[in-house]
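The values are calculated or read from the model by the stated rules, or taken from the named source; none is laboratory data. From a predicted model like this one, the values you see are computed outputs, not experimental measurements. Reconstructed Cβ throughout: ideal geometry from the backbone, glycine too, with neighbour counts over all protein chains shown. Protein only, heavy atoms only, side chains kept; ligands, DNA and RNA dropped before computing areas. Shrake-Rupley method; radii C 1.70, N 1.55, O 1.52, S 1.80 Å.
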Amino acid sequence: MGDESTVDAAGASRREPPDAAGAVYGSLLAASVVAGTGPGQQPPHPGQLMVLLLATGVVFWLAHVYAQLAAEHSTQAVPPLHRIRAAARREWPLVQAAVPPAAAAGIGALAGLSDSGAAWLALAVAVGSQLGWALYVAAKGGATWARLIAAGVVNLLLGLVIVLLKAALSH
């Protein structure tokens, strides 16, 4: 995308950064998608899992962009293009977070893993990405070591819950 900017209260134009916290959410969403596939049946083929991960990321991205724009309580029927582009850019990490686990599923298949093995690899990458993004967001926000550790523990616990659900649903 180009240079998305918004106008602040003083009338100055400023570029809005992507929402890195959205990458944490997107990684958690991707892990949940993988965990929710195939309960009581065969896991999806890695190609299907890749499409499912990417499509889910795009749908949630669109939903978040819409929610951002609706939350502005604009009196205009259609928000200005610069607001749409800024919201789309801010929420883009939701889509980006789906790429590593989707790629892992594909790489797993190319490496000869079973469909189940590729799904577990995608899940591991999604949980690892979630942890990495959570630590990045905390560090970028100036978190102390204690808060970094807390962010890591919380995200590892969230990832563990998803892994346990996947394991429980797989058997």
Next item on the list: Using packing as a proxy for protection, rank 151-158, 44-51 so that the peptide with the highest average count of other Cβ atoms within 10 Å comes first.
Entry: 44-51, 151-158
Next item on the list: Would you pull out the residues with amide H under 5 Å of Asp19's amide H, same chain only if 5 or more places away, H placed 1.01 Å from N?
Entry: Glu91, Trp92
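Report, to the nearest whole %, how much of the accessible area of segment 29-171 belongs to carbon and sulfur atoms, 1.4 Å probe, protein only.
Details: 5590 of 7820 Å².
Ligands and nucleic acids excluded, carbon and sulfur reach 71 percent.
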Check: Can you give the net charge of the other residues whose Cβ lies under 15 Å from the Cβ of Ala104, counting K and R as +1 and D and E as -1?
Finding: 0
Next item on the list: Under 12 Å from the Cβ of Ala134, count the other residues' Cβ atoms, weight Lys and Arg +1, Asp and Glu -1, and hand me the total.
Entry: +2
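Work out, step by step, the length gained on full extension between Val78 and Val59: first 0.36 nm times the residue separation, then minus their alpha carbon distance; give nm to one decimal.
Details: separation 19, 0.36 × 19 = 6.84 nm, distance 2.00 nm.
Additional length available on full extension: 4.8 nm.
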Item checked: ³J(HN,Hα), Karplus 6.51/-1.76/1.60, whole Hz, each residue of segment 131-143, x for Gly, Pro -> 4, x, 5, 4, 5, 4, 4, 5, 5, 4, x, x, 4
Next item on the list: Please give the length that would be gained between Ser116 and Gln48 if that part of the chain were fully extended, namely 0.36 nm times their separation in residues minus their C-alpha to C-alpha distance (nm, one decimal).
Entry: 23.2 nm
Checklist line | Ala146-Ala67 pseudo-label distance in nm [points 7 Å out on the Cα-to-Cβ vector] | finding: 3.1
